[in-house]
Amino acid sequence: MLDQEIKEQCQSLFQKITKDLVIQVWTGEHESADEFNSFIADIIELSPRFTLQKVANEELPLRFGIAPVGEEPRVFFQGIPGGHEFSSLILAILQIGGTPSKLDQTILKQLAGATKPLVFETVVSLDCHNCPDVVQTINALTLVNPNIKHTMIDGNLYPALVQERKIQGVPSVFLNGESFLTGKVEPSQILEKLLSLPSVRTTEQDEGSDSEIYDILVIGGGPGGVASAVYSARKGLKVGILAKKMGGQVKDTMGIENLISVSYTTGPKLSGHLTELLKENGVTLKEFLSVEKIESEGGLKKVFLNSGSVLKSRSIIIATGAKWREINVPGEKEYLGKGVAYCPHCDGPFFKGKDVAVIGGGNSGVEAALDLSGIVKSVTLIEFAPDLKADKVLVDKLKSTANIRIVTNAKTQEIVGAQDKVTGIRFENRETNEVESVALDGVFVQIGLVPNSQFVKDTLECNRFGEILVDEKCRTSVEGIFACGDVTNTPYKQIIIAMGEGAKAGIAAFEYLLTSNHQIAV
């Protein structure tokens, strides 16, 4: 089932394993059993450290767990983890085999103290590029505490389970049988919610958990943040970067055709290149963390993290980008993951052959409608303004697509649902005040972005949109703090502009350190 090139790559990686592992397989009747057995056989052959153990279980076919010999599995895969999830399997094998996790050590220390069972299940689609981050994060948590277990479930192979749990978005995370997070979930959200549980967060904040003092600490792992970190590191500075996820919003963009120097790339691919660039330039990366607040003390900036850690730096560059804007109508939050979605690439396959709406007539909305039109039965595109704001080439393609209906000058009033799922949408014609109801199964919200500046709204000067105000050198209202990219008032939110502003911020921060009384680390 695995081709020879992939086998050779895996065999090379598995030479790093320092423990003998048992792959415990549940056997039973299933229409994909032959494919599953072939997949397991290929995996077993990849290392002499692997031992196969079969367990008869008709209720859980296509399920296997991985553990060091002599221990019970804590990481399970229910299905055939191909596609984007193949990397989750490989990483799980490496980590269970002895490769250290890259998660923040403070978070791992807190989770090690959890005394109650934390049994996670994550329902995924193998086409979802966001799902592996979630699966890999929870898998890593199992390594620090025997009370934590995790199963990845391929929803496409278990339609009855998807229907029973009323899942309409991935990843869909369950904890101890109850819905935990669903829809467009980020690893940082999982960690934040876990640390908020009384049974999990058992240690006090530890300001001394990171004694290093950075010259420049970049907050944000998108194109702007990486550009500023790389430009700073190339000046010989000690640079660290904090990120909820590497790539930021870019990671959710499937087609990128306007990044000068490459004719076409994808968000996940570009995000991977950005991460490699950080490593090549010696930048310290701390991922899946968020910042709660920033304070100044004795010429240093103190950055308080959701993990309880506090980092110190001589200067800071904020490049936290933006997030999807919500429409804030009844039904949006209530049916999130149950028909309301923000990522057509991740959740579109769940609506195959169904009727959906896309809210937003800019580039994002029109691209989403076009992408969905090849999967769903029909798309109703709803735009608040009298005209679509997308590029002409996209609008022309939209108008020529038979199963897309365009509704302009319309105000969404409510997303309607029943029995835990979306059943329709109501919108008002802004010219005639007539209200129309449309029966459908899903709503994709694509109305732009909101800057991720909440953690500095009481520290830095922002405009009424929440954008951090910066000058021509990316300087904010506080000395030693710079900002760049979509989180700022810099016009035109584009990848290449964020990169340019990030480079500018890195140079400006270096200039600040040179001309101030700060001693640069060597």
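Tell me the chymotrypsin sites (Phe, Trp or Tyr not before Pro) within region 434-470 that lie in a loop according to DSSP and have at most 16 other beta-carbon atoms within 10 Å.
Sparse-neighbourhood loop chymotrypsin sites (Phe, Trp or Tyr not before Pro): F465.
Cα gyration tensor of region 264-336, axes a ≥ b ≥ c as square roots of the eigenvalues: rounded (a/c below 1.5), prolate (a/b > b/c) or oblate? Could you put the intermediate results ahead of the total?
Working: a/c = 2.68, a/b = 1.24, b/c = 2.16.
Note, shape of region 264-336 comes out oblate.
Working with all protein chains in place, sort D127, D34 by solvent-accessible area computed with a 1.4 Å probe, largest first.
Largest to smallest exposure gives the sequence D34, D127.
With r defined as the distance between the Cβ atoms of N463 and S199 and R0 fixed at 45 Å, what FRET efficiency is calculated, to the nearest 0.05?
0.60
For I148, what residues show an amide H to amide H distance below 5 Å, using hydrogens built from the backbone and excluding near sequence neighbours?
L118
Can you list the trypsin sites (Lys or Arg not before Pro) in region 258-359 that are in a DSSP coil and have 12 or fewer other beta carbons within 10 angstrom?
K333, K352
If the chain between N489 and K377 were fully stretched, how many nm would it gain, using 0.36 nm times the residue separation less the Cα-Cα distance? Please list the in-between numbers first.
Values: separation 112, 0.36 × 112 = 40.32 nm, distance 3.98 nm.
Stretched fully, the N489-K377 segment lengthens by 36.3 nm.
Tell me, what is the FRET efficiency for E178 and E326 to the nearest 0.05, using R0 = 22 angstrom and their Cβ-Cβ distance as r?
Computed FRET efficiency for E178 and E326: 0.35.
Please sort through the DSSP H helices of the chain and keep those with an alpha-carbon extent of at least 18 Å along the long axis and a Kyte-Doolittle average not below 0.5.
On the way: long enough: 267-280 (20 Å, -0.48); 495-515 (30 Å, 1.20).
Sorted by number, the helices that extend far enough and score high enough are 495-515.
Give the cysteines in the chain for which no other Cys Cβ lies under 4.7 Å away, or write none if there are none.
C10, C462, C474, C484
In whole Å, what three semi-axes, largest first, describe the equivalent ellipsoid of the chain built from its Cα gyration tensor (square root of 5 times each eigenvalue)?
36, 34, 21
Heads up, I need the accessible area for T122: 1.4 angstrom probe, whole protein in place, Å², nearest 10.
Result for T122: roughly 0 Å² accessible.
Taking the dipole about the Cα centre of region 223-312, with the C-beta of Lys and Arg at +1 and of Asp and Glu at -1, give me whichever of V226, G255, G236 is farthest to the positive side.
Result: G236.
Test of understanding: what is the full-extension gain from I496 to E29, defined as 0.36 nm times their sequence separation minus their Cα-Cα distance?
That pair, I496 and E29, stretches by 162.9 nm at full extension.
The values are calculated or read from the model by the stated rules, or taken from the named source; none is laboratory data. Model, not experiment: these values are computed from the prediction. FYI the Cβ positions are ideal-geometry reconstructions off the backbone, even for glycines, and counts take in every protein chain you see. Just the protein is used for accessible areas: all its heavy atoms, side chains included, with ligands, DNA and RNA removed. Shrake-Rupley method; radii C 1.70, N 1.55, O 1.52, S 1.80 Å.
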